[in-house]
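Take a look at the structure below.
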Amino acid sequence: ASGETTSDKLATQMKVSAAYLTDFGFRQSAQDRWEAIIPPVLAQINGLPAQVASLGQADALTDGDERVSLPGQEELLAFSQAGIAEAYRANAASAAIEIGNVGDVSEADAIAAVRQTFGALPERGAAAPALAELRTITTSAPERTVTLPHNGAADQAFVLVTWRTTDDDDLETAVGLTMLQESVNVMLNEK
C-alpha cells in the first residue's frame, strides 16, 4: 500500500493504508473487467512488431522463464479473484511489513501513526525471506536466431540484436555500453 498526504493527515493515511492491507477488496467486477480486457490487450501487443520483439526477447534469452515471460491468453484468463485473494490474504496475515515515510513529519508523529495502525496488527515475521535463488535468472548462452510472428501489417518488421555484457554494477561500463548502443543505432539508421 502507498499513499500521499499532508503532514497533518498522516494518521488518517496510515489508517487507509492499513485497511488496504487487512481488508483488500476483491470484487466480481474486477474479475469481469480482467476477462474482458485480456483478449484486446494481447491482440494489440501481437499487432505491433516492436512489442512482440520486446516481450519475446525475455522469453528467448531465459529459455521461457515464466518470471519474465508474458503468459498466453489461456493462462492469463485462468487467474481468478478467488485464487489471488487466497494467496494475498495468506501473505498479508503474516508477512513482514516494511514502512517507509518521507516528508515533513516528526519522528514522534510517524511512530504514533504506525503504532496505532500497522503496530496494532497481530505479530508477524520479523524479516522477509531471503529468496536469493529466486532472484537469479539464467540466460541462454548459445548464439541463435529467433523469429517471432506478429499479427500486424505484413510490411512491418522489427529486428532486435542482443549480446552478453556485464550487469550495471559499474557506472562507467554501463554508460559506455549505452553510448555504444546509441552509436550502433545511429549507424544502422544511416544505412
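The values are calculated or read from the model by the stated rules, or taken from the named source; none is laboratory data. None of these values were measured; they are calculated from a predicted model. Reconstructed Cβ throughout: ideal geometry from the backbone, glycine too, with neighbour counts over all protein chains shown. For accessibility, only protein heavy atoms count, side chains too; no ligands or nucleic acids. Shrake-Rupley method; radii C 1.70, N 1.55, O 1.52, S 1.80 Å.
Among the criteria (1) open to solvent by 60 Å² or more (accessible area, probe 1.4 Å); (2) of a type outside the set (D, E, K, R); (3) part of a helix (DSSP H, G or I), the one L70 does not fulfil is (3). Given the structure, is A58 open to solvent by less than 70 Å² (accessible area, probe 1.4 Å), under 28 Å from D155 (Cβ atoms) and within 23 Å of the chain's Cα centre (by Cα)? Answer is yes for this residue.
For region 88-119, the set of residues classified as of a type in the set (G, A, S), modelled with pLDDT under 90, in a helix (DSSP H, G or I) and exposed (fewer than 14 other Cβ atoms within 10 Å of the Cβ) consists of A90, A93, S94, listed by residue number. Taking every residue in region 28-50 that is free of Cβ contacts under 8 Å to residues at least 24 places away in the same chain and pairing it with any residue that is open to solvent by 70 Å² or more (accessible area, probe 1.4 Å), at least 6 positions away or on another chain, the pairs with Cβ-Cβ distances below 8 Å are Q44/Q51. Number of residues in region 159-182 that are of a type outside the set (S, T, Y), assigned to a loop (DSSP other than H, G, I, E, B), free of Cβ contacts under 8 Å to residues at least 24 places away in the same chain and surrounded by 10 or more Cβ atoms within 10 Å (Cβ to Cβ): the value is 2.
From the list T22, T6, the lone residue that is of a type in the set (V, I, T) and modelled with pLDDT of 90 or more is T6.
Within the span defined as region 137-154, one or more residues are under 30 Å from S94 (Cα atoms) and within 25 Å of the chain's Cα centre (by Cα). The set of residues from region 141-191 being modelled with pLDDT of 85 or more and aromatic (F, W, Y) comprises just one member, F158. Just one of the listed residues (R124, R144) is open to solvent by less than 80 Å² (accessible area, probe 1.4 Å), among the charged types (D, E, K, R) and in a loop (DSSP other than H, G, I, E, B), namely R124.
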